[in-house]
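A.B. asks: The structure follows.
The values are calculated or read from the model by the stated rules, or taken from the named source; none is laboratory data. Note that the coordinates shown come from a computational prediction; the quantities given were computed from them, not determined experimentally. Cβ: placed from backbone, ideal geometry, glycine included. Neighbour counts: every protein chain shown. Please note that ligands, DNA and RNA were not included when accessible areas were found on the heavy atoms of the full protein model with its side chains. Shrake-Rupley method; radii C 1.70, N 1.55, O 1.52, S 1.80 Å.
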Amino acid sequence: MRFKRFIAVLSARNLEFIRDRSALSWNIVLPVLIVFGFAFAFTTSSQDLFKVGVYDQQKQAPTVEAFLKLKHIQFITVEALETAITKVERHQLDMLLDSSSGSYWINDSSANGYMLEQLLKRPGDTTLNKQTVTGDAIRYVDWLIPGVLGMNIMFSSLFGVGYVIVRYRKNGVLKRLKATPLTAFEFLSAQVVSRLWLIVAVTSLVYAGTDLLVGFRMYGSYLSLLLVLVLGTFSMICLSLIVAARLSNEETANGILNLVSWPMMMLSGVWFSLEGSPDIIQQLALIFPLTHMIQAARAIMIDGDGLLQVTDHILILIIMSVVFMTIGARSFKWE
Amino acid sequence: MSCILQVEKLVKHFGTVEAVNGVSFTIERGTCFGLLGPNGAGKTTTVEMMEGILPSTSGSIQYKGAPADETFRDEAGIMFQETSLQEFIQVGETLELFSRFYSHTRPLDELIERCALGEYLDRDVRKLSGGQRQRLLLAIALVNDPEIVFLDEPTTGLDPQARRNFWQLVNDIKQEQKTLVLTTHYMEEAYELCDEIAIMDHGRIIAQGSPRALLKKHFDNSVILLPANEVPETLDQDPRLKLHRMNGQVEILSEDVNATIDLLMAQRIPLTHLQIRSRTLEDLFLELTGRGLRS
Ligand SMILES: Nc1ncnc2c1ncn2[C@@H]1O[C@H](COP(=O)(O)OP(=O)(O)OP(=O)(O)O)[C@@H](O)[C@H]1O
Ligand SMILES: [Mg+2]
């Protein structure tokens, strides 16, 4: 590998990307618009249903029995108190009730929590034990941001590398390069690195822009988030190398890339949580690198998880990258 | 002189298409070797196998006595019949890009001046005219100061003036003792530039030699041309005249021009519009392949 040749291809590819205005603006403007649109669509319509997390439903203190029979309240059984309390802090639960001990948690800035408290407490009742937590609501847009960033990264990785290499092959750019001492490895790594850092740059820009526009939560470390995004991007670029290894027809490449990207967009939990969907869908989603990237990013941004808590996702992304890269590079043909 | 490239019994089949059917030749260092032939003769296929772009079905190609390896790609300059360059990259940047691929390069300034690209350095490669584009592709082929240069139909689509300018460029390269491999449809081009010519048809070489030697070997006669309406058809069957009509003219092949003219005068044929020309590679090609080069 000659570094000089790698750098030469890298800078040429960067120039091409930056000068290709339509692709550039598409890459930046689209995700900002999506986030912006959703931010407005969802700030107005707050859920009209009350959500109460119930811990230890087996033994019910007599005072809470009547409360648990109320209509138009969604009672959700929770397994662990700790995580449920965090949900109250983020307004994902309006109230948390430990039905055996009679302790309950509400957020002091939540109107829903206040209403529920009035329903729960009977005048003169002293068996209940109130605990207050603080914290701002997690809005849909906070949850959506990692998904939209992930989706943008996915499209940019797949089409920005896969489609471009197929186009190069079709119109003879690759043939001309083959006639030089440039090796396939130098060429491919330049394509990968160029796209990787462009995606990181564009994603940071989009992140900062949307944050400025709608302002969203980030409880974890930026470095962890960066690592997860870089790994996810890398794995999806490697995936596109497989598509780009042999094809010389843009339409076929386009079809295959769509076949790969659309299921990912629908099933990787970009728009809605997979938690409520059938088991089979949840299992299926795990074959997509995008799922792991988004889940890890959400864990970091919304739950404030550290790298250790998302190790599974990171390991899977690394394994996927290695497998995809090996297949893609081995089967690569200039023509 | 030493041989730089040796091709032996080269064969290339694309499925059932037998594009190249066993060609052999050697190219001497510092000479210009021309492959001449009609569309589909197998020129590009042959050249691309020599360049290491296409794998051969069978046969061998030796560069400096050994199969081509990485040094070959470092030392060869290649201009394809059709090439597309990366979009959104300017002329100067393209030259820069290619120059960084090689271990040894020519100064870009000199190359730019020689190929008259100075005015277009900042232009997107897609916005060049045909002639400017060919000059850029030639400059790319020369960027590594190659020992051997492959030019596949470099002047197709150029106007006569641009073609002459291009020939001048190629002649300059020849002056530097570089080896050239050229394919062309144009006989004048082969005649002007090549030291050795191989005429190809249907994937085979049907004649080979220096332009002069080829003409001398095949032709010791001239062509006499007359307007067709001035030559009565009764003469068509005359065994003393090798005569045939085409495009409103009569062509008479003659080994002894004086004798033929005497014969025509005896028949009282007006000679006002008579033309005599010696036979060209074009005639040779027609004779060898039975068809026109550019048809
Ligand atoms: N990739 C291919 N697949 C199938 N057939 C091919 C392929 N490339 C060339 N051929 C066939 O091989 C034959 C020789 O083609 P080639 O391009 O070498 O001709 P050429 O002499 O360069 O013609 P031209 O003067 O038109 O450039 C043609 O019949 C062509 O159709
Ligand atoms: Mg050709």
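A.B. asks: Can you pull the mean other chain C-beta count within 10 Å for peptide B:79-87? It would help to have the intermediate numbers written out before the result.
C.D. replies: Numbers: counts 2, 4, 0, 4, 6, 9, 5, 11, 7.
What the average comes to for B:79-87 is 5.
A.B. asks: What does the accessible area per residue of segment B:132-226 come to in Å², with a 1.4 Å probe and no ligands, DNA or RNA counted?
C.D. replies: Details: 3550 Å² over 95 residues.
For segment B:132-226, the per-residue accessible area is 37 Å².
A.B. asks: Measure nothing fancy, just the Cα-based angle from helix A:184-214's long axis to the longest principal axis of chain A, in degrees from 0 to 90, nearest 10.
C.D. replies: Around 40 degrees separate the two axes.
A.B. asks: Could you give the angle, 0 to 90 degrees to the nearest 10, between helix A:140-157's Cα long axis and the longest principal axis of the Cα atoms of chain A?
C.D. replies: 10
A.B. asks: Given q = 0.10, 0.14 Å⁻¹, what are the Debye log10 I(q)/I(0) values for chain A, with equal point scatterers placed on the Cα positions and solvent ignored?
C.D. replies: After summing over all Cα pairs, the log10 values are -0.67, -1.08.
A.B. asks: Another question, if that's okay. Rounded to the nearest 0.05, what FRET efficiency is calculated for A:Glu250 and B:Arg240 with R0 set to 45 Å and r the Cβ-Cβ distance? Could the numbers behind the result be given before it?
C.D. replies: Working: r = 65 Å, r/R0 = 1.43.
Using R0 = 45 Å, I get an efficiency of 0.10.
A.B. asks: Computing the accessible area with a 1.4 Å probe over protein heavy atoms, can you report the carbon and sulfur percentage for segment B:3-216? Show your work: numbers first, answer last.
C.D. replies: Numbers: 3940 of 8680 Å².
Heavy-atom surface of segment B:3-216 belonging to carbon and sulfur, 1.4 Å probe: 45 percent.
A.B. asks: Pull out a ≥ b ≥ c, the square roots of the eigenvalues of the alpha-carbon gyration tensor of the protein assembly as shown, then state rounded if a/c is under 1.5, prolate if not and a/b is larger than b/c, and oblate in the remaining case. Walk me through the numbers on the way to the answer.
C.D. replies: Working: a/c = 3.84, a/b = 3.44, b/c = 1.12.
Prolate is the answer for the protein assembly as shown, as a/c is 1.5 or above and a/b outweighs b/c.
A.B. asks: Another question, if that's okay. For the pair A:Asp20 and A:Thr326, how long in nm is the line joining their label points, each one 7 Å along Cα→Cβ?
C.D. replies: 3.0
A.B. asks: Expressed as a whole percentage, what fraction of the accessible surface of segment A:50-121 belongs to carbon and sulfur atoms when a 1.4 Å probe is rolled over the protein heavy atoms? Kindly include the intermediate steps, with their values, before the conclusion.
C.D. replies: Working: 1920 of 3710 Å².
After summing per-atom areas, the C and S share lands at 52 percent.
A.B. asks: Is segment A:50-121 best put as rounded, prolate or oblate by its Cα gyration tensor, with a ≥ b ≥ c the root eigenvalues, rounded for a/c under 1.5, and otherwise prolate when a/b is larger than b/c, oblate when not? Write out the running numbers ahead of the final one.
C.D. replies: On the way: a/c = 1.67, a/b = 1.16, b/c = 1.44.
Note, shape of segment A:50-121 comes out oblate.
A.B. asks: Which of the aspartates and glutamates could be linked to A:Lys4 by a straight reach, that is with a Cα gap under 17 Å, when you skip same-chain ones fewer than 8 residues away?
C.D. replies: Reachable aspartates and glutamates: A:Glu186, B:Glu70, B:Asp74, B:Glu93, B:Glu96.
A.B. asks: Please identify, among A:Phe67, A:Phe324, A:Phe75, the residue showing maximal mean-square fluctuation in a Gaussian network model of chain A using a 10 angstrom Cα cutoff.
C.D. replies: Top of the fluctuation ranking is A:Phe67.
A.B. asks: Pairs A:Lys175/A:Lys333; A:Lys69/A:Lys130; A:Lys51/A:Lys87; A:Lys69/A:Lys121: which exceed 18 Å Cα-Cα? Could the numbers behind the result be given before it?
C.D. replies: On the way: A:Lys175/A:Lys333 10 Å; A:Lys69/A:Lys130 20 Å; A:Lys51/A:Lys87 11 Å; A:Lys69/A:Lys121 14 Å.
Violating the 18 Å Cα-Cα cut-off are A:Lys69/A:Lys130.
A.B. asks: Let me know the shape class of segment B:220-278, please: from the alpha-carbon gyration tensor, a ≥ b ≥ c as square roots of the eigenvalues, rounded when a/c is under 1.5, otherwise prolate if a/b is greater than b/c, or oblate.
C.D. replies: On the way: a/c = 1.26, a/b = 1.15, b/c = 1.10.
Since a/c stays below 1.5, the shape of segment B:220-278 is classed as rounded.
A.B. asks: Please work out the C-alpha center-to-center distance from segment B:181-230 to segment A:202-262 and express it in whole Å.
C.D. replies: 60
A.B. asks: Straight-line reach from B:Lys12: which aspartates and glutamates have Cα under 18 Å away, leaving out those fewer than 8 places along the same chain?
C.D. replies: Partners within reach: A:Glu335, B:Glu48, B:Glu51, B:Asp152, B:Asp201.
A.B. asks: Averaged per residue, what accessible area in Å² does chain A show with a 1.4 Å probe, protein chains only? Walk me through the numbers before you get to the answer.
C.D. replies: Numbers: 15870 Å² over 335 residues.
Per-residue value: 47 Å².
A.B. asks: Note the buried accessible area between B and A here, summed over both chains, with a 1.4 Å probe, in Å² to the nearest 100.
C.D. replies: Working: alone 15040 and 17070 Å², together 29680 Å².
When B and A are taken together, about 2400 Å² of accessible area is lost.
A.B. asks: Residue by residue, what Karplus-based ³J(HN,Hα) values in Hz, rounded to whole numbers, does segment B:247-263 have, using 6.51, -1.76 and 1.60 with θ = phi - 60° and x for Gly and Pro?
C.D. replies: Result, rounded to whole Hz: 6, x, 10, 10, 10, 10, 8, 9, 8, 10, 4, 4, 4, 5, 5, 4, 5.
A.B. asks: Now a separate question. Put +1 on the Cβ of every Lys and Arg and -1 on every Asp and Glu Cβ in segment B:230-289; which of B:Leu263, B:Met246, B:His273 then has its Cα farthest towards the positive end of the dipole?
C.D. replies: B:His273
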